[in-house]
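The values are calculated or read from the model by the stated rules, or taken from the named source; none is laboratory data. All figures in this text were calculated on a predicted structure; none of them were measured in a lab. Please note: Cβ atoms are built from the backbone with ideal geometry, for glycine as well, and neighbour counts cover all protein chains shown.
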Amino acid sequence: MSLFHDAAVRCRAARDVIAQRGWMQGNYGYCDGPVCLVGAMRLACGAAHPHGSLAMAGGWGWDVFGAIHSALQAVTDAKDIVAWNDASARKREDVLAALERAAQYLESRA
């Protein structure tokens, strides 16, 4: 399995985290509640909680996280995805759609 394929799978997992738990701005999230874009990415890449380190997720955690981050930058034209998530006009649907576009972007490189 390639890094890009694994990243696409984890990108969709991040989308599912937000769809199931809810989305928020201004904080990575809570252990059992809503999460922001980066909090969902962390959970999808193996962190135990939205603020958690990926070091415990094994060597691939940061590589996959970085690939998702880069794909999101590409599909949103945002250098800072935290600021993009936290923009006042941003909606949950925008974030879910960006994660799906990022997954497709990653699949096209797998």
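Might you check whether a residue that is in a loop (DSSP other than H, G, I, E, B), crowded, with 17+ Cβ neighbours inside 10 Å and over 10 Å from the mean Cα position of the chain (by Cα) occurs anywhere in segment 1-12?
No.
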**Item:** Filter result (part of a helix (DSSP H, G or I) and either closer than 22 Å to SER70 by Cβ or under 12 Å from the mean Cα position of the chain (by Cα) (or both)) within segment 20-51
**Value:** LEU37, VAL38, GLY39, ALA40, MET41, ARG42, LEU43, ALA44
**Request:** Starting from residues that are of a type in the set (S, T, N, Q) and farther than 16 Å from ALA103 by Cα, keep the ones in segment 37-87 and report whichever is modelled with the highest pLDDT.
**Result:** ASN85
**Prompt:** How many of the residues in segment 1-34 are touching a Gly at 6+ places or on another chain (Cβ under 6 Å) and either modelled with pLDDT under 95 or under 17 Å from GLU100 (Cβ atoms) (or both)?
**Reply:** 2
**Request:** Identify the residue in segment 65-96 that is in a helix (DSSP H, G or I), among the small types (Gly, Ala, Ser) and farther than 15 Å from MET24 by Cα and, among all such residues, is farthest from the chain's Cα centre (by Cα).
**Result:** ALA74
**Message:** Here are the criteria: (1) surrounded by 14 or more Cβ atoms within 10 Å (Cβ to Cβ); (2) in a loop (DSSP other than H, G, I, E, B); (3) hydrophobic (A, V, I, L, M, F, W, C). Tell me which single one TRP62 does not satisfy.
**Reply:** (2)
